[in-house]
1. Only residues that are in a loop (DSSP other than H, G, I, E, B), in contact (Cβ under 8 Å) with a residue 60 or more places away in the chain and surrounded by 16 or more Cβ atoms within 10 Å (Cβ to Cβ): list them for region 35-68, please.
2. Taking the conditions exactly as written (touching a helix residue (DSSP H, G or I) at 6+ places or on another chain (Cβ under 7 Å) and within 24 Å of residue 19 (Cβ to Cβ)), does residue 44 satisfy them or not?
3. From the list 147, 140, 121, 129, exactly one residue is farther than 20 Å from residue 66 by Cβ and touching a strand residue (DSSP E or B) at 6+ places or on another chain (Cβ under 7 Å). Which is it?
4. Filter region 16-29 down to the residues that are surrounded by 17 or more Cβ atoms within 10 Å (Cβ to Cβ) and assigned to a loop (DSSP other than H, G, I, E, B), then identify the one that is modelled with the highest pLDDT.
5. Which condition from (1) within 16 Å of the chain's Cα centre (by Cα); (2) crowded, with 16+ Cβ neighbours inside 10 Å; (3) over 18 Å from residue 145 (Cα atoms) is the one that residue 12 breaks?
6. Testing residue 7 on (1) touching a strand residue (DSSP E or B) at 6+ places or on another chain (Cβ under 8 Å); (2) touching a residue at least 40 places away in the same chain (Cβ under 8 Å), one condition comes back false. Which one is that?
7. Mind listing just one residue for me: the one in region 98-118 that is touching a helix residue (DSSP H, G or I) at 6+ places or on another chain (Cβ under 9 Å), farther than 17 Å from residue 71 by Cβ and free of Cβ contacts under 8 Å to residues at least 12 places away in the same chain and, of those, surrounded by the fewest Cβ atoms within 10 Å (Cβ to Cβ)?
8. Of the conditions (1) free of Cβ contacts under 8 Å to residues at least 40 places away in the same chain; (2) farther than 25 Å from residue 3 by Cβ, residue 141 fails just one. Which one is it?
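The values are calculated or read from the model by the stated rules, or taken from the named source; none is laboratory data. This one's a predicted model, so the numbers in the text were calculated from it and none came from an experiment. Neighbour counts run over all protein chains shown; Cβ positions are idealised from the backbone, glycine included.
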């Protein structure tokens, strides 16, 4: 997938899932509101409420494009990751996919990555567990999975 680490793809699929909303249309995903309050479709692709339903293949295509965008932004803001173990890159690509390049760009996490302070990177990742002002258990688990990749 265009240089996107497999571990990043696996994390995104695991934590986003391919959401099929109506039981009357089990082969396609319909727009839904994610826990953070955004309209989403497929594997966490941002959309408008009126987006037409998509097949799993279309969801995979969206995911591919979204992860390439996240990879490009991650390497732009954290160029040191180009020479680090793939797990570290995968962890930050998943973070960027999940929360957006803007969050990475302005974060202390970015500084810690570029300083190559991997213990502090793990600590920073664990801070990003809020959605809609509340700690979301799914984000706690996701950040823990990302932290685990820092040492792979």
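1. As a first pass, look at region 35-68 and keep what is in a loop (DSSP other than H, G, I, E, B): 35-38, 42-44, 47-53.
Then keep just the ones that are in contact (Cβ under 8 Å) with a residue 60 or more places away in the chain; that gives 35-37.
Listed by number, the list is empty, since nothing qualifies.
2. Working: touching a helix residue (DSSP H, G or I) at 6+ places or on another chain (Cβ under 7 Å): yes; within 24 Å of residue 19 (Cβ to Cβ): yes.
Yes, satisfied.
3. Numbers: 147 fails: touching a strand residue (DSSP E or B) at 6+ places or on another chain (Cβ under 7 Å); 140 fails: touching a strand residue (DSSP E or B) at 6+ places or on another chain (Cβ under 7 Å); 121 fails: touching a strand residue (DSSP E or B) at 6+ places or on another chain (Cβ under 7 Å).
Answer to the selection: 129.
4. Our first condition is that a residue be surrounded by 17 or more Cβ atoms within 10 Å (Cβ to Cβ); within region 16-29, this holds for 16, 18, 20, 28-29.
After this cut, where a residue has to be assigned to a loop (DSSP other than H, G, I, E, B) as well, the list is 18, 20.
On the way: 18: 88, 20: 73.
Residue satisfying both the conditions and the ranking: 18.
5. Only one criterion is unmet by residue 12, namely (3).
6. Of the numbered conditions (1) touching a strand residue (DSSP E or B) at 6+ places or on another chain (Cβ under 8 Å); (2) touching a residue at least 40 places away in the same chain (Cβ under 8 Å), the odd one out for residue 7 is (1).
7. 115
8. Residue 141 satisfies all of (1) free of Cβ contacts under 8 Å to residues at least 40 places away in the same chain; (2) farther than 25 Å from residue 3 by Cβ except (1).
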